[in-house]
Structures are given as C-alpha cells and as structure tokens.
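I have placed the structure first, in the form of structure tokens, so that the comments after it can refer back to it.
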Amino acid sequence: MRIKTTALIAFIAIGSIGSASAQNDPKAKAILDELSAKTKAYTTVKAEFVFTTETKDKKKTSQNGKIETKGPKYKLEIPGHEIYCDGKTVWDFIKDADEVQIKEMETTGDDAINPSTIFTLYEKGFKCKFDGEDATTETISLFPVNPDKKKFHTVKLVIDKTKKQIISVKMMMNDGSVNTYEIKSFMGNSAIPDSDFTFDKKAHPGVEVEDLRDGK
C-alpha cells in the first residue's frame, strides 16, 4: 500500500501562496503577504492537526496528525503511518504491516506538493477574496486559476489576526465532499535534529524494507 501525502496535505494539503498570482482582492492579498512573511521567517515548524472528510451525503471521518518541517525536510505522523523525508529520500513506515517503503522525493508534479510546504500552499496559482472577519480571525477564499487541473474548486483559509497563523483550511472538492484541516497547535523555530527526518531501521528490528527508488 502506497500513500500519497498530497491526499492529506493537499492544501496542505494542502501549488504553493504569499504574493499569489492572479489575486484580485487587495485586502486579501495584504493579509496573505503578511501570513507568508511570518511563515517563511520560521526555520522549523511543529504542528498538530485534525483532518476531517465530509462526503457529499454528509458522512464524516476524522483523524489526528502531527507534522515537523525544517526546510525541505519533514516528518508526518498520521494513523498507521510515519513518513520521513530528509529532502531527498522519503520513508513511509506502515505500522500494521511492519514495512517501510522507500522512494525518491518528488520535485515535479502533484507529489511535489508535500508536507514541507504545508503552510505556504496558497502562494501561487490562486485568485483570492476577502470573506470577512470577527474579533480574532480573518477568512479568505481562494480559487484556482486553472480549476480543470485541480480536484477542488474553493479553499477557505481562517487566519489568526494577531499571530498571523493559519487556524483552519477547508477545501471544497469537485465531487461534493469537503476536506477540513484544523491546526490544533503550532510552534515555530524550535530545535529539531536532522535525525528526526530519517527512518531509523535499528529502532524497528525485523521491519520489511521495500525500496521503490529507480535502480534499486
């Protein structure tokens, strides 16, 4: 079983957003510029999130996840999987199967949208519109410039006014379902050793290794 990280992080999910191209709402653009500047100032990020899928017939499923990023490196924990990337190689540890699948990190195509870009996916390829605000948050809608190439038609970002951080991302999919990411905790610039981004085979004796890299 191979898992596409983009299925969970499509927003994040989740192209990549700051000075988003084809934006047409000055207020939304100003908010996104601030958000992008704040996010890109972090050398590392640790976050916990809840990913919820609601089908067209209103059935919901949810799962918790954790993410660490450091430049192009990331570690993603979701139920049944621990996914490591050191910027070149990806290890997907499938817990129930006691198996780790190894592949090269994608740099083009859909898989190039990976968890290391989780908080900046709004930067390119979207039009944006300011939806409104309350005492603590601002809401912006994003619309893909090339909708035929996307599996969603609208993304709604809820942003903390003071912290300039994403609180939630709601993706309206073309099949009528809705994917929502709620950021439960967020910490920037914490010390994360590079060893966190590689799979330690010694810590998992007996694990089956499936190397899917070219030439392996």
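Each value in this text was obtained by applying a stated rule to the coordinates, not by laboratory testing. Because the structure is predicted, anything quoted here is derived from the model rather than measured. Glycine gets a Cβ as well: all are built from the backbone with ideal geometry, and neighbour counts include every protein chain shown.
Could you sort 145-152, 161-168, 56-63 so that the peptide with the highest average Cβ count within 10 Å comes first and the rest follow in order? Can you show the working numbers first?
Working: 145-152: 13.8, 161-168: 16.1, 56-63: 9.6.
With the highest mean Cβ count within 10 Å placed first, the list reads 161-168, 145-152, 56-63.
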What whole number of Å gives the distance from the Cα centroid of the range 49-89 to the Cα centroid of the range 161-204? 7 Å
Pull out the extension gain between SER185 and LYS164, defined as 0.36 nm times the separation in residues minus the alpha carbon to alpha carbon distance; nm, one decimal. 6.2 nm
The simple spin-label model distance between LYS129 and LYS56, using points 7 Å out along Cα→Cβ, in nm, is 2.3 nm
Evaluate the distance, in nm, between pseudo-label points positioned 7 Å from the Cα of ALA203 and of ASP148 along their respective Cα→Cβ axes. 4.7 nm
Gain in length, LYS38 to ASP175, computed as 0.36 nm per residue apart minus the alpha-carbon separation, to one decimal in nm? 46.0 nm
